[in-house]
Number of protein chains: 2
Amino acid sequence: MSKYKKVKLKHIAEQAGVSINTVSHALNDKSDISEKTKERIRKIAKNLGYIPDAVAGSMRKGSTKTIGVIIPDIMDPLMSIWVKDIETKLRQNGYNIFVINTDENYALEEKALVLALSKKVDGIILCPCQKDDKDIIFLKKKRINFVLLGRRFNHIKTDYVVADDLKGGYLATKHLLDQGRKRILLLNGHSYISSAQERYRGYTEALKEKKQKIDNSLVYEIANTSGNSMQAIKKILGKKIKFDGIFAFSDLMAWEVIAFLQEIGFKIPEDVEVVGYDNIQSRFYFPYSLTTVNYPKRTAAHKAVDILLKKIANPDSQQYFQEIIDTNLFIRKQQNNYDPDYLEEH
Amino acid sequence: MSKYKKVKLKHIAEQAGVSINTVSHALNDKSDISEKTKERIRKIAKNLGYIPDAVAGSMRKGSTKTIGVIIPDIMDPLMSIWVKDIETKLRQNGYNIFVINTDENYALEEKALVLALSKKVDGIILCPCQKDDKDIIFLKKKRINFVLLGRRFNHIKTDYVVADDLKGGYLATKHLLDQGRKRILLLNGHSYISSAQERYRGYTEALKEKKQKIDNSLVYEIANTSGNSMQAIKKILGKKIKFDGIFAFSDLMAWEVIAFLQEIGFKIPEDVEVVGYDNIQSRFYFPYSLTTVNYPKRTAAHKAVDILLKKIANPDSQQYFQEIIDTNLFIRKQQNNYDPDYLEEH
DNA sequence: AATAATAACATTAACGTTAATGTTATTATT
DNA sequence: AATAATAACATTAACGTTAATGTTATTATT
């Protein structure tokens, strides 16, 4: 890409009067080169502005020190928190990340995986869209090192790190019931997503416990992207379906419905009480108090990294690592003002 | 990374009874292989689950078809919009992206650049932290293909795409003045960031036009991360400095100060009117109306890609491409309710 | 003093692919 | 009918590095 002549090991070797291998070993601090020579070679390398060719190195070494991170949506704050934490943790371990978006699109997910494999990543952290599972089966068959994050498959044994969404769904619903709410709208993710499935189970369990019937006209499945929750609420209101509580799939959805309901005249939380999910703590995003299901997101990302590194270090192990991160309810007084607790959280 | 035996061109060649080169040419759809042979080889490749080794291919071809995207903060919505648009546009052109965060940290920026160059990216899109410029000079000297996005250097000639921040700063300040605001707080980014510099210039120009003196106790420079604008406001209030308008460096800052000021009893916009920057349109983030400086962010990202692709296609050209994207003021009635216009925008 | 061990290098081969040539049979050209 | 051109492959070399050996002088060991 550059007209500037590329500096290679060869050039350093010529200047130092040693072999290319000696330069390589010196720069990689191998033990079979004298400290004097190493120092001399390092200086020449620096002088010439040598930048190692990782592509060539990777080919020879058979490892890229790169992990593929494949996620549905980098613009979702939850995902960007994950990505940042994964990047930081992996960097500490000498790895880089290669992030690919799938837009919750299975075809793109397949392409993303092939791209990552083609780029010879040493492992993959994947939050699957779950519209299909062929690609996961393919990964297993190929014995690729991968860890699922945030979502898992019931019928495929893999490594994964997920939140305890069953408990999360139960706690959120129970909280609304305890507050005296009678008709709780579940604004859920699509049912092929495991976390949505489990939250639904938690929702039904809490209702059953209070001897309430499950009314499926109160259960909606939508994609977690901007505008959808508002559209859903519009539809529900259009059908004259009554509700006095909402359990939303994400803080983002919760936020959107609160804003929309307020706009059209509802009092929040008096008329409708809302519980979110994920406890996205960035002050930027949620200046208003929102009761939400909380879990250590950073821990989740770090555990996924730990598991992946373990698998890479021990490729012959048949062991599966499956982590279910505990969830709890983060109760905030729901009102239109700033949450002073945010600094203390986490 | 896998115990599963890797499928190489060699294996396809053996099964097809042709040479490795023929397989390579067939799969790359070169013209010197008969359609019949191509079809046969494609089938065998598919059967064996062949995934091309991009590392080996890149080494031989001298091109990775990957662009390094180096940005200060993937969690900033502006940046994640950019990244997504860049990814989409580059994908259409057969390129992938390699995203690296710098956390507005110059040392990390240098490392990110070396990493990208080491990984042999075909070009770089960079939003520099601007705490130093040595790395930019290095890129120029090495004749690396790169385009700056969002920020530029006054004293270094490079390709860039920036917003018209001078105009943006002027429009925002003028708007506040026109609304009768007398003491306008500039909550700016750090002055080594070009966009902050230019907005400051716009701010002063608008003040001068109205014959107002520039009061530097009203100008604050902070990093665009969560919590900082609140801290700044606290300090300012502590110093008993009065203000009735705020021009913030980002919608995020604007948002944070609005929430904080409301919390401590200010009426917005009656007591303090706030103007933001970037017009982050995601319904998720800003359910409340905010007047803000707007510009086509998508266009900016796309232009950066276009410029980079032009430079890659034409490496011998000495031409510089410098785009200043026009800014305008997006006026919204500032009130605590939902902005119904958001769907129509853009 | 003879042999073994080690330090500090050099040489060779290989990673998997593709560009640059080379070869041969077939077809086109005059 | 002789030659040129072309189609469809094969062979060879190269991308830049590092692992696996090889070599030689020096030092340690008995």
Would you tally the residues in region B:8-20 being more than 9 Å from DNA strand D (Cβ to nearest atom) and buried (at least 18 other Cβ atoms within 10 Å of the Cβ)?
2
Test: B:Phe98 is among the hydrophobic types (A, V, I, L, M, F, W, C), within 12 Å of another protein chain (Cβ to nearest Cβ), out of contact with any helix residue (DSSP H, G or I) (no Cβ under 6 Å at 6 or more places or on another chain) and part of a helix (DSSP H, G or I):
no
Does any residue of region B:5-18 turn out to be among the polar types (S, T, N, Q), assigned to a loop (DSSP other than H, G, I, E, B) and either within 10 Å of DNA strand C (Cβ to nearest atom) or not assigned by TED's automatic domain parsing to the domain that holds B:Lys303 (or both)?
no
Qualifying positions in region B:162-219 - of a type in the set (Lys, Arg) and on the phi < 0 side of the Ramachandran plot:
B:Lys167, B:Lys174, B:Arg181, B:Lys182, B:Arg183, B:Arg199, B:Arg201, B:Lys208, B:Lys210, B:Lys213
Does region B:50-66 contain any residue that is more than 23 Å from A:Glu109 (Cα to Cα) and within 17 Å of the chain's Cα centre (by Cα)?
no
Scope region B:53-65; condition more than 14 Å from DNA strand D (Cβ to nearest atom) and either out of contact with any Ser or Thr (no Cβ under 8 Å at 6 or more places or on another chain) or not assigned by TED's automatic domain parsing to the domain that holds B:Leu308 (or both); matching residues:
none
Run down B:Tyr192, B:Tyr170 and say which single residue is of a type in the set (Ser, Thr, Tyr), crowded, with 18+ Cβ neighbours inside 10 Å and under 25 Å from the mean Cα position of the chain (by Cα).
B:Tyr170
Considering only residues that are within 12 Å of DNA strand D (Cβ to nearest atom), more than 13 Å from every other protein chain (Cβ to nearest Cβ) and either within 25 Å of B:Ala112 (Cβ to Cβ) or not polar (S, T, N, Q) (or both), which ones fall in region A:21-52?
A:Val23, A:Ser24, A:His25, A:Ala26, A:Asn28, A:Asp29, A:Lys30, A:Asp32, A:Ile33, A:Ile41
Scan region A:251-280 and report the pairs whose first residue is closer than 18 Å to A:Ser195 by Cβ and in a helix (DSSP H, G or I) and whose second residue is of a type in the set (Val, Ile, Thr) and modelled with pLDDT under 90, with Cβ atoms within less than 9 Å and a gap of 6+ or a chain change.
A:Asp251/A:Ile280; A:Leu252/A:Thr225; A:Leu252/A:Ile280
With criteria (1) farther than 30 Å from A:Ile144 by Cα; (2) within 11 Å of another protein chain (Cβ to nearest Cβ); (3) within 16 Å of DNA strand D (Cβ to nearest atom), B:Pro77 comes up short on (3)
Can you name the condition, by its number, that A:Ile67 falls short on among (1) within 26 Å of B:Lys142 (Cβ to Cβ); (2) more than 16 Å from DNA strand C (Cβ to nearest atom)?
(1)
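Go over the candidates A:Leu148, A:Leu252 one by one and state the one that is modelled with pLDDT under 95, under 17 Å from the mean Cα position of the chain (by Cα) and not small (Gly, Ala, Ser).
After applying the criteria, what remains is A:Leu252.
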Taking first residues from region A:314-326 that are within 12 Å of chain B (Cβ to nearest Cβ) and within 17 Å of A:Asp122 (Cα to Cα) and second residues anywhere that are surrounded by 10 or more Cβ atoms within 10 Å (Cβ to Cβ) and modelled with pLDDT under 95, the pairs with Cβ under 9 Å that are 6 or more apart or on different chains are A:Pro315/A:Arg143; A:Pro315/B:Met1; A:Pro315/B:Ser2
Checking B:Ala163, B:Ala116 in turn, the sole residue that is of a type in the set (A, V, I, L, M, F, W, C), more than 29 Å from B:Lys61 (Cβ to Cβ) and surrounded by 24 or more Cβ atoms within 10 Å (Cβ to Cβ) turns out to be B:Ala163
Limited to region A:201-235, what total is found for residues that are within 14 Å of another protein chain (Cβ to nearest Cβ), not in a helix (DSSP H, G or I) and not small (Gly, Ala, Ser)?
3
Among (1) crowded, with 17+ Cβ neighbours inside 10 Å; (2) over 23 Å from B:Ser58 (Cα atoms); (3) within 40 Å of the chain's Cα centre (by Cα); (4) more than 12 Å from DNA strand C (Cβ to nearest atom), which single condition is A:His25 missing?
(4)
Could you count how many residues in region B:53-74 are more than 7 Å from every other protein chain (Cβ to nearest Cβ) and over 24 Å from A:Val83 (Cβ atoms)?
5
Considering region B:28-40 alone, what residues qualify as being modelled with pLDDT of 95 or more and either surrounded by fewer than 18 Cβ atoms within 10 Å (Cβ to Cβ) or more than 12 Å from DNA strand C (Cβ to nearest atom) (or both)?
B:Asn28, B:Asp29, B:Lys30, B:Ser34, B:Glu35, B:Lys36, B:Thr37, B:Lys38, B:Glu39, B:Arg40
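The values are calculated or read from the model by the stated rules, or taken from the named source; none is laboratory data. Because the structure is a prediction, the values reported are computed rather than measured. Reconstructed Cβ throughout: ideal geometry from the backbone, glycine too, with neighbour counts over all protein chains shown.
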